[in-house]
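Written out below as structure tokens is the structure these notes cover.
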Amino acid sequence: MRTCAKRYFNVADQKIEQLRRFPLVRIGLYLGLASWAMLSDPFGLSSAADKALSDQLGRFRAFAYPVAPAPVTVVAIDYPSIAGLNNGGNGWMEANDWPLTYADHGRILRDLALPKGGEAAPAAIFYDIFFERPRATSGDLGQLGRILKRLDADTSAARIHLAGGGKFVPISPLSQEQLQPASLVVSAWEGSGDLYPLQAPLGSTAEAKPVATAANALYQDLCKARGDDCRWVDASDQPDMSIQWSITARDDCRAGPISIKQDAVAIFFRFIGLGTTVQNPPAECMPVHQVRLSQLYGEHPVSLRPPHLKPGEPFVVLVGNVMPSLNDYVASPLYGQVAGVYLHANALANLCEMGQSYVRQSSTQLLIFFCLLVAILFWMWRSGTLDYKFQHHKCVGAKSSSFLSNAMSALWLSLITALLVSLTFYLCYELHAAPEGWMALAAFLPLLREAIAATESNYNKDAPREKAQPDLSPASCQPEHRSGLGRYTADPENSQP
């Protein structure tokens with residue numbers, strides 16, 4: 001029984017080895033293994049490399065190309081503002097700590113949404129406070145709903161959008177009922193990773209339809225106030241946005257070649273094992289107008305309108321918490337940890353700057369597959385085995401590699417890596433496609449080259465075609481030589497003594 005099984009195993013092994021002598025079979029084998037390692041991302045290395053490359057390219061782009069401020073104002077509700085507006089119980093704010101009362105929220109929204117000091121009201125407001133369910137200690141949520149209803153009926157008031165949560169954190173039906181007719185936009189989502197969707201489900205049910213996210217809703221209101229046609233952003237098939245964190249062109253915000261050089265030095269030190277942290281610009285360098293809530297009150301209040309705008313130009317406002325204890329922070333590649341409201345603000349700034357040409361998520365799998373195929377064909381051609389004929393194994397002794405050949409190989413791989421990084425930059429900022437798979441491809445190509453070189457050394461395209469079964473007896477070729485993806489016995493004439 002064992003002898004019969006061994007015989008069948010040997011026959012199957014011989015058939016497989018015969019198939020591997022065809023170049024097309026080996027090309028398919030190389031391509032299949034390489035595609036699985038690259039596109040399936042089994043260990044998460046490809047996605048991690050893509051994010052690292054995208055973040056670093058984003059920093060280089062931000063330093064090299066500062067942008068003009070966007071027509072966006074961010075109002076930060078922080079602890080000093082709450083303490084100052086409460087003023088030990090003598091101010092207008094009822095709460096002296098977070099959370100605020102619903103009456104306080106209503107006062108803030110009324111002051112922001114109505115014209116003030118001869119200035120027109122903002123085009124729209126996004127209030128990034130999530131009223132998930134009514135809280136008894138905060139007062140009557142219905143009172144806030146009535147204030148929102150009066151503001152909605154006032155034609156001079158700004159349009160107000162409230163944070164509506166998302167699919168995995170939906171707002172409760174009771175809160176939704178008491179806050180009508182306020183507009184609810186998506187402020188939380190899942191399944192998009194570090195990307196920013198323009199639409200996402202608002203409810204947790206299967207019937208919930210995608211609605212606009214915060215940045216999308218504000219951008220549509222801004223376009224409407226300007227008289228622009230931005231109906232494209234309302235399409236349900238718009239791909240997710242890869243937010244490009246930018247820096248504004250100000251004297252106190254470092255940018256230009258010096259910042260790029262500092263980042264490059266930090267990368268070099270990390271490469272040689274001497275880890276060092278990069279220097280992030282302050283959050284004040286974002287291309288949005290930033291004010292604290294308390295600055296809007298007092299004897300000398302600051303203007304809600306961004307200072308670079310001319311009178312009458314429309315703008316939008318985002319209001320959110322900036323409190324470390326709430327842990328509502330997101331990681332940005334340029335500014336480090338920033339409050340969650342700045343994620344929506346910078347996504348909106350991207351739409352204002354680039355419009356329909358925003359950097360988006362796009363599938364590059366076919367292009368990566370093509371690059372792998374070209375690399376495989378090229379290295380098989382360099383090995384002299386790219387011939388669509390039946391080929392025989394060639395048993396050779398170990399080849400010694402010189403320092404010069406190794407240096408040339410390293411230089412060649414460095415050029416390939418530089419080319420791929422340049423291609424990534426072109427795809428990202430000229431074709432507006434987010435990097436996906438290119439850094440992993442640059443890291444995988446050296447391994448693929450070594451595997452192909454080791455395997456193709458077993459084949460000789462100049463050997464005559466042989467139709468008979470290969471003789472695998474011990475007398476034909478000893479000892480057995482294993483290398484690469486093929487397994488063939490060594491030629492006794494070429495084997496080393």
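Things worth noting here:
- Residue tally, condition out of contact with any Ser or Thr (no Cβ under 7 Å at 6 or more places or on another chain) and among the small types (Gly, Ala, Ser), over region 123-171: 9
- Exactly one residue out of 348, 334 is buried (at least 20 other Cβ atoms within 10 Å of the Cβ), in contact (Cβ under 8 Å) with a residue 12 or more places away in the chain and assigned to a loop (DSSP other than H, G, I, E, B), and it is 334.
- Candidates in region 320-355 are the residues that are closer than 24 Å to residue 82 by Cβ and of a type in the set (Gly, Ala, Ser); of these, the one that is farthest from the chain's Cα centre (by Cα) is 325.
- Scanning region 353-370 for residues that are in a helix (DSSP H, G or I) and surrounded by fewer than 18 Cβ atoms within 10 Å (Cβ to Cβ) yields a count of 10.
- Close contacts from region 306-317, counting a first residue that is modelled with pLDDT of 90 or more and a second that is among the basic types (Lys, Arg), with Cβ to Cβ under 8 Å and a gap of 6+ residues or different chains, come to 314/226; 315/305.
- Residue within region 269-280 that is of a type in the set (Ser, Thr, Tyr) and surrounded by 13 or more Cβ atoms within 10 Å (Cβ to Cβ) present: no
- Counting only helices (runs of 4 or more DSSP H) that fall entirely inside region 1-66 and contain at least 3 residues that are of a type in the set (Lys, Arg) and surrounded by fewer than 13 Cβ atoms within 10 Å (Cβ to Cβ), the qualifying elements are 2-19.
- First in region 211-237 and assigned by TED's automatic domain parsing to the domain that holds residue 313, second anywhere and of a type in the set (S, T, N, Q) and surrounded by fewer than 14 Cβ atoms within 10 Å (Cβ to Cβ), Cβ under 7 Å, 6 or more apart: 232/356
- Taking the listed residues 213, 205, the one that is closer than 22 Å to residue 129 by Cα and among the hydroxyl-bearing types (Ser, Thr, Tyr) is 213, with no other qualifying.
- Checklist (1) under 35 Å from the mean Cα position of the chain (by Cα); (2) more than 28 Å from residue 311 (Cα to Cα) applied to residue 162, failing item: (2)
The values are calculated or read from the model by the stated rules, or taken from the named source; none is laboratory data. Since the model is a prediction, treat every value here as computed from it, not as a measurement. Virtual Cβ from ideal backbone geometry, glycine too; neighbours counted across all protein chains shown.
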